[in-house]
């Protein structure tokens with residue numbers, strides 16, 4: 001996703017990032033408040049680096065997105081963000097992502113759009129695992145932005161023990177996807193709507 005973000009930014013597209021949770025439970029040996037501050041700072045630094053001008057924090061509890069996103073005020077907030085920015089495209093984690101909070105983000109966005117009978121192009125992306133969904137595949141050429149994508153991943157220093165396991169697979173996936181469209185590097189998305 002990072003390469004596509006960098007590409008959109010270069011094309012002068014306005015990219016808005018919505019962060020549902022700070023991931024405060026992700027480092028068990030640290031106080032949650034310390035992790036939350038570090039993750040927020042890293043998100044800002046990473047967003048600045050890649051060119052995202054605005055990040056919206058919903059502040060939901062880590063590992064509690066599914067439960068909290070069922071609350072009317074959260075669904076209303078998600079809808080208000082969509083209504084305010086009128087995105088040309090919405091990118092969400094795949095429903096097949098192994099992380100329960102990522103699955104909940106996916107489900108919440110779709111539920112909000114279904115409730116409000118609003119139709120936007122929605123693309124699902126891979127975070128942790130390679131998946132095969134039964135939706136049309138869209139490849140985005142990120143050859144020019146691969147180095148920036150990899151630096152973007154490294155920006156999340158507090159998550160490095162998790163990111164390290166993603167780092168080389170992200171590189172090799174981008175090479176594999178690039179071959180599919182005869183470019184050096186690409187990212188794969190599923191057009192789910």
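The mean sequence distance of close C-alpha pairs (under 8 Å, at least 6 residues apart), as a share of the length of the range 1-159, puts its relative contact order at 30 percent. Viscosity 1.567 mPa s, temperature 4 °C: what is the translational diffusion coefficient of the range 4-47 from Stokes-Einstein with a Kirkwood Rh over Cα pairs, rounded to a whole number of µm²/s? Result for D is 108 µm²/s.
Using a cutoff of 8 angstrom between alpha carbon atoms and counting only pairs six or more residues apart, the relative contact order for the range 70-114 works out to 41 percent.
Considering only DSSP beta bridges where both residues belong to the range 2-191, give the percentage that are antiparallel (nearest 5). Approximately 45 percent, going by the DSSP bridge assignments.
Taking a spot 7 Å from the Cα of residue 83 along the direction of its beta carbon, which residues of the range 91-128 have an amide N less than 11 Å from it? The answer is 116. Note on residue 157 and residue 144: the extension gain reaches 2.3 nm, defined as 0.36 nm multiplied by sequence separation minus the Cα-Cα distance.
I need the fraction of alpha carbon pairs in the range 117-193 separated by more than 14 Å, rounded to a whole percent. The answer is 65 percent, as a whole percent. For the chain, adding -39500 (n - 2.57) for each run of n ≥ 4 DSSP H residues and dividing by the number of residues yields -15000 deg cm²/dmol at 222 nm.
Computed from the Cβ-Cβ distance with R0 of 35 Å, the FRET efficiency linking residue 133 to residue 33 stands at 0.40. For the peptides 36-47, 83-94, the ranking by mean Cβ contacts within 10 Å, running from highest to lowest, is 36-47, 83-94. Label-to-label distance for residue 166 and residue 45 is 1.7 nm, based on points extended 7 Å past Cα in the beta-carbon direction.
Computed from the coordinates by the stated procedures, all read-outs in this text should not be read as laboratory data. Being a predicted model, the structure only gives us computed values, none of them experimental. Don't worry about glycine lacking a Cβ; one is built from the backbone with ideal geometry, like all the others, and counts go over all protein chains shown.
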